Amino acid sequence: MKLDELIRSLDEAGESRESGFEVHGKLSSVDVDRITDDSRELSQQSIFAITALSEQHLDSALEGSPALIIAPFRMKGSAKLQKFETKGAVLFGRQPARSRPEWILALLAGIYYDHPDRKLDITAVTGTNGKTSISRMLYHSWKSEGKNCAVIGTLGATYFASGKEIHIETGYTTPRSYQLLELLHRMHQAGIEKVALEASSEALALGRLECIHFHQAIFCGLSVDHLDYHRTMHRYFMAKVHLFTLLRRGKGKGKGKGKAIVQDLSRTSEDQYSRKLQRYLGRLGLETTVVDSFASFQLNVPVEFNQRNANLAWKASGLPFDSGLFAGMPDVPGRMNRIAVNDGVDAIVDYAHTPDALQRILEQLSKMDYRHLICVFGCGGNRDSSKRLLMGRAAMELATEIIVTDDNPRKEDPASIRKQILEAKHLPDLKPVFQELLEMPDRREAIICALNMASERSGNGEKSCVLIAGKGHEDYQIYGTEKKHFSDQEVVQAWQAEKNP
């Protein structure tokens, strides 16, 4: 598509009676080859957007001499951009609400890829815990019915069409707007009709889902996480709420357009965020299904929170109730993956990396027939530090043995992270049940120690469980800027093979 034609299409796509954009410099008629905010991908036929993430790379982008730069209105008059205008064009949004480059970037990408989101039924899933499981369950239910469908999220993108399944690595839970639209375009061309999409709070805050049309959106709850980015729970919640504002332009019928599906746990515990969201949805006029009672499904791991995930997926699937809907579903990588190590020991690898997720899984496992519940976990570096103490509390109040180890410390001091977790033992209101508490930096050694401990303590018909939490599907450890291969599952399997040749 030619650049000048693409820009002429903006006002119509923006649904504005008056021009909401202004172009400075030389607007050419080159064939656009790429729309991006990655300065490394540019050619003289590209469009580059100065987003919150890419502004620091503006000098590099200018060296690439793109055909057009999308800039925030506050940069109007910038000496760098004025110099660029002598050979290229700069686009500004006039209206304050629509001047963000992220919004214009998504709008242009939609035009460029011929709005594939409007040709697909897209169900977005948001919440602190459960997005991956719910989206995968939704994909499985559609696939089981023979529908051409897809799922996009933490584990990459997978789509099923004409009896074939194809997987694509994406690198993000929620891809950037132009990457997502290109992916949706590819899926539409393959005959896909339905898509389950994980919508992360960071992606929503960064504008990656602007201008995307959704058929449905699922809210699966909110708890402490990502405060390193959002700073407060209110801002974290508002990022999630934005998905339902976007849902108003969706593909449903009636005034509110798209359909909202909201989990409400207030029958059994305080669930303030669900109630707040429901009040907001009422003001928006969106069709809303509140899920506050949960049917029983046959699941590989039938714990309570997995049953709740299954109910949300079923409600969104459009299929009649069938308790066996997910019975044949393979384990979601890194989500409650059970390895029967030997007759007396089970190992469970799970992505639980928030206080709520760790507490929930430990509560469920503590209700099962395990004499010892050994928890191996750590917390990531350069991430929300407020959750470290809370995760320590959850483990100390529910696990019988605990080994605190490393989990992607990144550029933080690993010992400092572990110390913050261990401070939970000094909480005045702590109700500890643990019998042993160890600190073991090397994650491989920590897992092996836990498996040896479980094997020694099981016997006389008593079973032990080793919960290895935090990394789940991840197959790496990050120290500083160095990323090395590491898999919790592989460590367990290697130990199992050595002990049971």
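A rounded overall shape is assigned to segment 3-112, the ratio a/c of its alpha-carbon gyration tensor axes (a ≥ b ≥ c) being less than 1.5.
Treating the angle as unsigned and between 0 and 90°, give the value, to the nearest 10°, between the Cα long axis of helix 304-317 and the longest Cα principal axis of the chain. It is inclined by approximately 30 degrees.
In order along segment 357-366, phi translates into HN-Hα couplings of 5, 5, 4, 4, 6, 5, 4, 5, 5, 5 Hz, rounded to whole numbers, per the Karplus curve 6.51 cos²θ - 1.76 cosθ + 1.60 with θ = phi - 60° and x for Gly and Pro.
Measuring nothing but how far apart in sequence close Cα pairs (under 8 Å, 6+ apart) lie, relative to its length, the chain scores a relative contact order of 10 percent. Taken over segment 116-317, the percentage of Cα pairs per 10 Å bin, counting from 0 up to the bin with the maximum distance, is 9, 37, 38, 14, 1. What is the local net charge at His167, summed over the other residues whose Cβ is closer than 14 Å to its Cβ (Lys, Arg +1; Asp, Glu -1)? Taking every other residue near His167 into account, the sum is +2.
Scoring 163-173, 327-337 by mean Cβ neighbours within 10 Å over their residues and listing the highest first yields 327-337, 163-173.
Each of Tyr280, Tyr273 was scored by other Cβ atoms within 10 Å of its Cβ. Listed from fewest to most, they are Tyr280, Tyr273.
In terms of its alpha-carbon gyration tensor, segment 337-499 comes out oblate; a/c meets the 1.5 threshold, while b/c is at least as large as a/b. Counted by Cβ distance under 15 Å from Ser133, the other residues give a net charge of +2, where Lys and Arg count +1 and Asp and Glu count -1.
Here the mean projected area of the convex hull built on the C-alpha positions of the chain is 25.4 nm².
By other beta-carbon atoms within 10 Å, ranking Ser54, Ser386, Ser135 with the fewest at the front produces Ser386, Ser54, Ser135.
In terms of distances greater than 24 angstrom between alpha carbons, the cross-link table entries Lys2/Lys240; Lys240/Lys315; Lys276/Lys471; Lys387/Lys431; Lys425/Lys483 yield Lys2/Lys240; Lys276/Lys471; Lys425/Lys483.
Over the residues of the chain, the helix contribution to mean residue ellipticity at 222 nm works out to -10000 deg cm²/dmol, using -39500 (n - 2.57) for each DSSP H run of at least 4.
Each reported figure results from applying straightforward, stated rules to the coordinates on display, with no laboratory input. What you see is a predicted model, and the numbers here were worked out from it, not measured in a lab. With ideal geometry, Cβ positions are generated from the backbone for all residues, glycine too; neighbour counts draw on all protein chains shown.
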